[in-house]
Structures are given as structure tokens and as C-alpha cells.
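What follows draws every value from the coordinates through simple rules; no lab data is involved. Predicted model, so just to flag it, every value in this text is computed and none were measured. Neighbour counts are summed over all protein chains in view; Cβ atoms, including those assigned to glycine, are modelled from backbone coordinates with ideal geometry.
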């Protein structure tokens, strides 16, 4: 087994490492470097030291964005995981036990297909779709119904400062739930049926089944889900940029760091854009480190 | 996957993911110092590609000396005016004058998305119609030396009469409008008049008359509201600047056009003068009482469609609106324009005063391969035939003097042209939005806050002034004066 | 008794088997039915929240502008297939779909191949630099891609790969590596040693061991990550926007939709936009329906942790 080991390792690593260094690592490194310059994206860079950082830390929009990330970071995983767990439980265990087996409710395969659909829609599609869903007059999907039902003023989902961010988070949840239903279903399928049966025979209700059996045994998978959703929370840029009004509006009520990077790029302020980018990187790393601390340790077997 | 036992003592190489990420972060930092040098290399690489502009022999037919055998790349904003005027009128004209020079045409609704990578990649197109929601920042381009100085073009003999310079064949003020600190970099081609637009049919059918004073205006709004039609609205989602434009127009009428000059020049307290406050207050009331349902969340196309469907009476816009809406305008709609009514009894300017400008910006990129060809294209555009052809296709007059002779206008353009005549010398313009995109952005946001009742006029001027002061202090932003 | 009737409800594998079920105590059983009933309501509501907007887009593709901007609950007064025609010919949606399929298929394949190679070596071989390489890959998960966009643009340009399929595919692969390698590494680590040892004793080379023993064993993990990558790359929005801007005939679907929705704003062709949306959504739905068993099986294999 020692024979040919080194060429083998090199051979397997050379392509991925080269690609990764050239197209991913190197651009990031350049970005960090760029955050110390003023650069309009065309010609000369001017060294400005920490000026960009100073400006960022004094910008209202930066702190607004941070606040929004915090909100998304809490609401998005909570809502998504809660819904997904609930649905996955119904689909897998919610039906009537029969022949010594727990079963999902009727039609569960249909639901699984439908719930997953939002996952295959590209961001611009979601943007157009929800612009219609939320439109604040009688042609909006939600307001059209509410106004017919006697509401006298449409709800300004994307206009009201207090509603805009939750409305965007709702879209993210809407899109994500299906995936996590499938993920949790997979986890639940691995829970031995005997555990449920024993609990059922003891007269446990579905509710206590959920809290005493399913939840503890799925804890690992839920943590994984939390990490994914956390990363998504830091990357909410796309949905904000296609759906929010006035570039992260109203009045900055939905802005996120990604959008500030984008806005700075739009104004050819690449140094500032890079500075916000560095902030975003640091935050993502802190979050990942913090969350992963809870999960189990990696190990080598070979 | 929990197949393997995982106690760290059993696995000497065990690593927590946390340390993974920590060390990765350190690796990133360690790598930084080496970057400066390499980045410098990357820089010089891109500098090499900026080619020296080519030149050809000058002649009567080619006074700018554009190389006859070099192609030019033309990028047109495919928005309100479409791109047919370029493909059907200007490009054939250029080709006819310079048969050996090929014209490569591209159009887009998102100019920055298309052009920015081209510039960054060293393939700058010669001629760009920089307009629309996603246009490039003219101020930044000028500050960065990306734009061709158009002095040579304006001093060149015109196509129609070689004894006249191009600058003398244009509506006065055209060259200034596109100038930055005294040098012309942008050609604003379309004569644009701003005002409040309504349907002539709707007004005639109901016996409504356009208002001149503020009390007439609110009375008119009441009458319209009683009819179950929304009196006045703009699109908050993406076109709030249509409304700050109206507010500042009113302010200029109250306090004189110098108010706008002070705003453009970032003078201290320019936004906080009484005239701006009064105008903001008056319009905030219109916003509170007479708005179209949900207008703040709608895009300009949605709101304009509402007007075409007679659900909205008055809408602030420039005179491109008639062409923009031609597909959805019902028979007999008859676009008409009204100037902003006088807010006080003691306004410095008459109610007929208006904001007009040369609009729709065109630029030649200095780092393109053939900037002289780009300027020559502009010279052809600025001929009488070029102007006339443009007006025939898009129904909007250009800055070329006399190019509309013998043309009949559509009702909307006719009404804005009449308004322009009626205004006489009381025509003004403003520039800060093109110079400082950040200030435009802040003004848009503040306008939505004001018009939808979340802040009062005082807070409105306060917050825009704050932004203006920040920009004034910020040494990284190039300043412009007029 | 209700319990027995409930058990014969449709959807159970077959009604006739109901009799064979061992009866359990009455009390929990009634509770179970109740939970099922309420559960159904929630499931149905969520399903409707997904189906209604999609159905609305479908209907809107047959409407005209006036109908679209009146009440959302009206049905088009006749089927305007010309909307679809415009979307297909004028907006080139068909081309964009094909381009997306081409780019995503090749990129996902490349991603899986390179990632499994790297992950395998990183997971099962000790050598100097192993951990550093692994850290650098994993750190990539936390970086927002568009932060790198400007320098990336120049990197791609330097190779002359701007506006080419090759360039886009390679960049997709590069940006999918961190995530894929991270999960595949832990997957390879979890594979038992015994098989590998047996193969080694049989004299299999490293390469053969990988391709004919370890890869097949890792199949469940590979399937789930393939699905992740297909979905992720299909929805990729930023990279093509920057790297394919200049070649309209090579645009992928996300770019196309973006362009169409911007231009709908100027030309007010909303019906055309919704027809284009429908054309872009339908193949994904059909594909998903065909492959949903494999997708769920892949995820059920438990590789995703």
C-alpha cells in the first residue's frame, strides 16, 4: 500500500486545489487587500489604510444590516425547523400505526413533492412571484383576497417598515421548509420503529412521542439544519435584491451586508465593498465556529 | 454517519470543526502581506491593455479624424425610447458617412450590468447610452478618467453647415448640462420637460381644468376623489425621484431657481431653506390625502398603467411617458402636461415655470479603442437629419435646433412643448442626482418617508441635508460645481 | 370503533389488511386520529400556499395585462398562447433552459468527481499539509461568493474564459468544492476500514481501490451531494451575471429571467414574463417528479450530516 502513495495523493489533489486556489482563494485574498484601498474599479488604486473601515463603522446602514442579520439568524432557522419538523413528523409518524408500524398521514408522498417545489425555483423567479403575492392593491394575491373580504386598506407587506423584513424572511422559510421536511424525514426513517411502538403501547400521545422520542433522536440532524440555515441567513442578499423596495428599503429596513456590498459596487466604491465583505466573512466565520462547537468532533479512521 | 467512535483520546488526529475554522481564518490573515505585491502585478496587467487611441486623417467629411477602418461598438439603453432610433436612423447614417467602419450594436435594459464588465475587462465600447435604473454613475466615471472630453466634438464643424460649430446648432444649455467642472463629458440629447401628466379625455369628460394655484389644485383633487379616482400618485417602489423632482420644482418656484444651484453645489443648509420646507409640507399633504392605494409598493409601470386605466388622474413624470406607455394607452386618452401649481401667493417664479433639461445621456469611453469614432457617431446624431429621425421614431424632440421643423407632434409632446414656450425664460434644471448618486438615493428614501406620512417636512430636509453634509466632507467623493 | 374505520381510510397500503392489525387500547388511538385530522389541515394549508402562487403564474401566462392587474382570482377569458410564443421566440427562454442544463450537468459532474477525489485523499491519507488544505477548503463555505466577484472576473479574463461555457463551468466547480468536500470528507471517514484493507491485501492500487471499492460504497453520500449541487448551481445567479454578461446566446436561465423581468418593467409585457416563468418552471417540476424517488432515497441514505 505504500507503493505509489505520493503520486496518488498528488494526482488526486492537484486539480481541485489548483482550481480552488486560482478561482476562490486568490480572489478572496485580493478582496481583503482591496479593503485597504480606494478603488473605482477601473484604474488606479489608492492606499487609504483603515479609512474604509472607519467609514463602515460609522455608517447607519452597516449597523442596520447587522441588526437584520441577527433577526434573520434567529427567525429563519426557528421558523423553518419548527415547520419542517412538524410536517416531517406528520408525514412519517402522524398517521395511524398499523401492523406494528408507524405510518405517515394519507397523501404524504403528494405533500413531499409539493413541499419541495419552491426549492427548484431560481431567485429571480421567486422575486417576480412574491412581488405579485405581496402587491399592495387589489391585484396582489393576498391583498386581493383580503380586500374582497372587507379589509378597507391593503397590507403593505414590503412597504411597512415593521413588516418588510418578516415578509422577506417568510419567503425564505417558504422556500426552505420543503428541503428540511425531506431532510428530517430521512432522519426519522432511521429511528427504529420499535421505539415508537413501545412508546405507543405505553399510551404516549403523538405530542409526547414527538417531544420524547423524535426530537432527541433527531438532535444531530437539527443542528446540521441550523448550520445550513445560518449560512443562508448571512447570504440573504439575493432575495432582498430581487424583492425589497428601493434597494433594501423602505428606508433601509431590509438591508443586509450583501446588499451594502452590492450598493457600494454599484457606485464603483470597490474598496468599501470589500470592507463590508470582510465584515461579512468575519461574521460568517464567528457564527460557524460558534455553532459547530456544539456538534460532534471529526475523526480520522485511517 | 455516526458509525465511528468519536472520543478524542482514541483519535489522535481528531479536530473539532471549530478549530478548523479558526485556523482557516488565521491562514487567511497570514497570506495577506504578500498580496500587495501580487495585486500590483494584476494592476499593471490591466493597465497594459488600455490601447492608445487610434487616429485617422482629418477631412471635411471627417473633421475629428476618426480612423475610417476601425469599428465602433454602440450600446443603447433599451428603455422608454427603445433602440429602434439607433438601428434605423443613427447607425445607418454613420455607416453611410463611413462605409468602412463597422457598427456593432448592442442594447440592454441594465446598462451597468453589460458595460461595467466590458470596461473592467479592457473592452470598453466606444459609444454608450447610459440611462435607466441600472445606469453607471457619470460622476464616478468622470472622476476616474473614463470619459472622453467632448470639447473637440462641440467645436467641430457641424454636418449640415461646416461653417457652424456643432455647439452652435444645439439648444442653449446642452453643453453645460453635460459638463463636469466646466468640461463637457456627456451628451444629453433629448429635450426633456418635467411636469404633472393627466389624460385630456378624462379631464374634458368630467369638466375638470388643470390647476394653477394651490387652492385650485387641492379643489381639483377633491373633485377627482369624489369621482372615485385616485387624484395623484407616483411609484414609491422604484421611482421616488419623480416626486422629489416635483417637490424641488415647487421649491424653486417659491424661492427662485438659485435654491437648486445651492443644492447642487452642496452649499451649507441648502436643503433647509424655507422654500424647500414649504414645498415639502404642501406635497406631503397631497400624499396623505389623495394617494393611490398601495402606490408606495408599486413600480412606475404599475402606476402608469393605473393611469391608462383611468384609475389615477395625475402622475409626475418627464415627457418620455407618452412614448413609454404607447402600448397600453387607450384610444383617445390624450396625454397632457400641467406645470406644478404655485404654492404661495408670493412665489418668485410664475406657475408656468418648469424644469426642462437635455436628458438621456450619451457618452464616449476614453479607454475604448476608437473614441474618435464614438465622437463622430455623436456628430452624426447631432445633424438635423439625425435629430429629425430620432423624433420621428420616438416622438420626442432633440436638442438639435430646427430638427423638428415640419413634424407634427403627438398630443403629449405638443403640450409639453407648448408649456416650454409658455415658461419663457423661467426654465431651470438641477444636477445633484447625476453628480452624487448617494444624495439622490437619500432624497428618494426621504421622499417616500415624507409622502407616505412617516416624517414631516422638517425631518425631510434635515435628513437630506445631513447626507449632503456627509458627502461634502467625504474626501473620497469628487465634487462638482456649477 | 372509529379507530377501525379510520384505519381503512384510503392511502393505507390496502384496505383488506386492516383486519390483521392487532387492536391496541382505545384511548391513544382516538388521539392519534385527532392528530391526523388537524395535521391534515396544516399540511393542506402549506400545500396550497405553494400551489396557488404557482398556479397563478400559470394562469397569468394566458392573460393580458389588464387581466393580470385586476383581481388575481379571475380566469383568463381565453387561452392566449401567443404569450408563450413571445416568451419562446423573443425572450429565448428555450435557449436559456438548454444552456442551464448543459452548464449545470457538466459542472455538477466535475464538482462530484474532483470533490470526491480530494475528499477521499483528505479523509483517509495522512500527509504533511493535509490539515491546512482541508481548513482552506472548509473556510470557503463561510465566504459570500460575490465578495470575490471583482477579482474573480480578472482571474477568468486572464485565462480568456470570459463568456465561455468552459469558464462558467470551471468557476461553478471551484465554488462548489468547499461545501461538497466538507461533507464528502466526513462521509469517507465514516466508511469501514475492513473492506479497504481486504482490497489492499488483494493487491489493488490506490486508484483502483478508490474507483472500484470506495466510490461505490460512498454512493448514498454522492447522490445527496449531487442533488445539492444540481439545485445550487441551477439557481446560481451572480456568477453567470458577471462572467457571461457579454454573450447573450450563452446566457443561463437565471440571467434570462432577470432580463425578462427587467424588460417587462419597460415594455409592460407582463403576460410574456409569466409565460417565460412558466416555461422555466415546468421542466424543473417535471424533472423533480421523475427523480423524486431517487432524490429522497439519496437524502434518506443518511449521508447528510
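Quick look at the values:
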item: Projected-area average for chain B over all orientations - Cα convex hull basis, square nanometres; result: 31.2
item: Overall dimensions of the range C:87-300 by Cα: Rg and Dmax, Å; result: 20.1, 70
item: Cβ-derived FRET efficiency at R0 41 Å, residue B:454 paired with residue C:64, nearest 0.05; result: 0.70
item: Computed log₁₀ I(q)/I(0) - Debye formula, equal Cα scatterers, no solvent, the range B:124-223, q 0.12, 0.14 Å⁻¹; result: -0.64, -0.73
item: The range B:99-119 versus the range B:407-480: alpha-carbon centroid distance in Å; result: 29
item: Efficiency of FRET between residue B:204 and residue B:164 - r from beta-carbon atoms, R0 56 angstrom, step 0.05; result: 0.80
item: Estimated D of the range C:181-286 in µm² per second, where Rh is the Kirkwood radius over Cα pairs and Stokes-Einstein applies at 10 °C, 1.306 mPa s; result: 90
item: Most to least packed among C:221-227, B:301-307 [average Cβ atoms within 10 Å]; result: B:301-307, C:221-227
item: Test item: A:154-160 mean partner chain Cβ contacts at 10 Å; result: 4
item: Cα-projected label distance for residue B:216 with residue C:101, points at 7 Å along beta-carbon direction, nm; result: 6.4
item: Bridge type composition, chain B - antiparallel percent by DSSP, nearest 5; result: 65
item: Protection-proxy order for peptides B:268-276, B:385-393, each taking the mean of Cβ atoms within 10 Å per residue, highest first; result: B:385-393, B:268-276
item: Residues B:310, B:198 arranged by fewest to most Cβ contacts within 10 Å; result: B:310, B:198
item: Value of [θ]222 nm, deg cm²/dmol, for chain A, DSSP H segments ≥ 4, -39500 (n - 2.57) each, nearest 500; result: -21000 deg cm²/dmol
item: For the range A:1-73, Kirkwood radius (reciprocal of mean inverse C-alpha pair distance, Å); result: 16.3
item: Chain B, relative contact order [Cα under 8 Å, separation at least 6], %; result: 24
item: Highest-fluctuation residue, A:24, A:128, A:74 considered, GNM on chain A with Cα pairs under 10 Å; result: A:24
item: The range C:146-274: relative contact order in percent, alpha carbon pairs under 8 Å with at least 6 residues between; result: 33
item: Cα-Cα pairs of the protein assembly as shown separated by more than 42 Å (percent); result: 46
item: Residue B:265 versus residue A:74: modelled label distance in nm, points set 7 Å from Cα along the beta carbon direction; result: 5.0
item: Mean Cβ neighbour count within 10 Å, used as a protection proxy, ranking A:233-242, A:267-276 highest first; result: A:267-276, A:233-242
item: Average beta-carbon neighbours from other chains, 10 Å sphere, peptide A:241-250; result: 5
item: Between the range C:167-242 and the range A:1-70, the alpha-carbon center distance in angstrom; result: 25
item: Peptide-level mean, for C:200-212, of C-beta atoms on other protein chains within 10 Å; result: 2
item: Whole-number Å³ per residue for the convex hull built on Cα positions in the range B:286-349; result: 116
item: Footprinting exposure proxy for C:253, B:450, B:114 (fewest neighbouring C-beta atoms within 10 Å first); result: B:114, B:450, C:253
item: Relative exposure of A:68, B:105, A:58, C:40, judged by other C-beta atoms within 10 Å (fewest first); result: A:58, B:105, C:40, A:68
item: Among beta bridges that DSSP assigns inside the protein assembly as shown, antiparallel share in %, nearest 5; result: 65
item: Estimated inter-spin distance, residue C:202 and residue A:54, nm [label 7 Å along Cα→Cβ]; result: 6.9
item: Debye equation applied to the C-alpha atoms of the range A:51-292, log10 I(q)/I(0) at 0.14, 0.15, 0.16, 0.17 Å⁻¹; result: -0.98, -1.05, -1.13, -1.20
item: Value at 222 nm in deg cm²/dmol, rounded to 500, when DSSP H runs of n ≥ 4 in chain B each add -39,500 (n - 2.57); result: -12500 deg cm²/dmol
